[in-house]
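Have a look at the structure below before the remarks.
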Amino acid sequence: MRDRPKHLRIVIDTEGWAYARHAQALRKYAPPDWRVTYGTEVGDEDSDVILLLNFTALPETLAALDRARERPSLVGTINAGWPRRRERLDPLLQVCDAVLFCNRDYYVKAGALPRTHWIEHGVDREIFLPDAVSRVPAPRVLWIGSRNHAREKGWFDIAEPLQQHLLGKGIGFDFQLVDSLDPPYSPGQMPAWYRSGTIFIVSSLSEGLPTTALEAASCGLVLIGTRVGVLPDLVENDVQGILVGDRSVTAFAEAVDHVIANQERMRRAMLETIVAWDWRARAKGHFAFFDRVRQH
């Protein structure tokens with residue numbers, strides 16, 4: 001009989017960003033027979049499964065596995081939208097016991113290959129909560145993205161010019177193009193920032209999720225976005241938000257006007273829908289998957 005919990009080690013990139021929040025959620029909602037630790041390296045402690053969120057740490061991870069007394073199962077991840085990072089899939093399949101996609105679209109378009117799997121992430125609804133005060137707030141549009149991925153996030157062609165439209169119509173907004181290593185808000189401040197808005201914009205060319213959209217939705221914001229990542233699974237057009245058909249400033253501007261006119265209806269629908277994305281439930285599927293990987 002096993003005398004210790006199974007150990008999941010998660011390799012992340014930067015504390016405080018999406019990978020770290022993913023790891024924290026799995027640690028928080030791990031079943032009793034699992035223990036979860038995370039960091040930027042594999043570390044010296046024996047593991048049963050290593051979840052590699054940070055692809056760039058693959059060489060160091062493989063070196064650590066070579067030194068391990070018992071080789072743990074290695075799970076690689078593709079946390080991007082099709083076809084970005086397609087070149088990472090083959091190297092991962094060569095060395096990993098399984099590769100996990102964070103959205104169905106990428107998994108299918110990559111060919112649903114052997115040893116590849118798809119499990120969507122979640123959002124911690126104990127942290128990302130809507131405003132408890134019952135009120136009809138003034139419209140305020142939020143956008144956030146990494147400076148390192150400004151083009152892919154749609155900063156230059158959508159977000160930056162969209163601000164002029166919002167300013168001209170007197171609509172409040174806060175668009176943040178941020179340095180991943182020096183973000184303007186700490187993880188603990190992010191829920192309050194989301195709650196300062198009513199609409200969240202996803203203007204990306206490609207996305208894995210994005211995590212920020214799930215967090216914003218959990219805080220009660222209506223989503224307006226392109227058909228990337230998990231948005232088509234989360235948003236039914238004109239119900240929980242708007243999926244723009246034409247990726248243009250005009251389309252986003254019109255969507256903002258429409259959401260403002262239907263804010264409360266869409267907000268209620270989003271808060272009902274996002275319940276199913278709670279990490280408390282989503283984590284069960286992840287650990288069932290880790291158990292299956294260990295058994296092969």
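The values are calculated or read from the model by the stated rules, or taken from the named source; none is laboratory data. These numbers were taken from a predicted model, which means no experiment stands behind them. In this analysis, Cβ positions are derived from the backbone assuming ideal geometry, glycine residues included, and neighbour counts consider all displayed protein chains.
Summary of values
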{"item": "Condition met for P191 (more than 29 Å from T77 (Cα to Cα), modelled with pLDDT of 95 or more and not in a loop (DSSP other than H, G, I, E, B))", "result": "no"}
{"item": "From the options T61, T14, residue that is more than 15 Å from V293 (Cβ to Cβ), part of a loop (DSSP other than H, G, I, E, B) and touching a residue at least 12 places away in the same chain (Cβ under 8 Å)", "result": "T14"}
{"item": "Scan of region 118-175 for residues that are in a strand (DSSP E or B) and free of Cβ contacts under 8 Å to residues at least 40 places away in the same chain, ordered by number", "result": "W118, S146, G172, F173, D174, F175"}
{"item": "Filter pass, F175 being within 29 Å of I119 (Cβ to Cβ) and of a type in the set (F, W, Y)", "result": "no"}
{"item": "Candidate set from region 17-41 (those that are among the hydrophobic types (A, V, I, L, M, F, W, C) and either in a helix (DSSP H, G or I) or at pLDDT 95 or above (or both)); member that is nearest to the chain's Cα centre (by Cα)", "result": "A18"}
{"item": "Condition met for G225 (crowded, with 24+ Cβ neighbours inside 10 Å, more than 25 Å from D278 (Cα to Cα) and at pLDDT 95 or above)", "result": "no"}
{"item": "Selection count where residues are over 30 Å from V49 (Cβ atoms), among the charged types (D, E, K, R) and in contact (Cβ under 8 Å) with a residue 40 or more places away in the chain, scope region 258-293", "result": "2"}
{"item": "Residue list for region 212-225, filter: out of contact with any Lys or Arg (no Cβ under 6 Å at 6 or more places or on another chain), outside any strand (DSSP E or B) and not β-branched (V, I, T)", "result": "A213, L214, E215, A216, A217, L221"}
{"item": "Matching residues, region 196-211, being more than 18 Å from the chain's Cα centre (by Cα) and touching a residue at least 60 places away in the same chain (Cβ under 8 Å)", "result": "T198"}
{"item": "Boolean, A150 is more than 16 Å from S206 (Cα to Cα) and of a type in the set (A, V, I, L, M, F, W, C)", "result": "no"}
{"item": "Leading residue by the ranking (nearest to L62 (Cα to Cα)) among those in region 87-109 that are part of a loop (DSSP other than H, G, I, E, B) and modelled with pLDDT under 95", "result": "C102"}
{"item": "Selection from region 175-197 of residues that are of a type outside the set (A, V, I, L, M, F, W, C) and surrounded by fewer than 14 Cβ atoms within 10 Å (Cβ to Cβ)", "result": "D179, D182, P184, S186, G188, Q189"}
{"item": "Considering residues of region 226-243 that are part of a loop (DSSP other than H, G, I, E, B) and out of contact with any Gly (no Cβ under 7 Å at 6 or more places or on another chain) only, the residue nearest to S204 (Cα to Cα)", "result": "T226"}
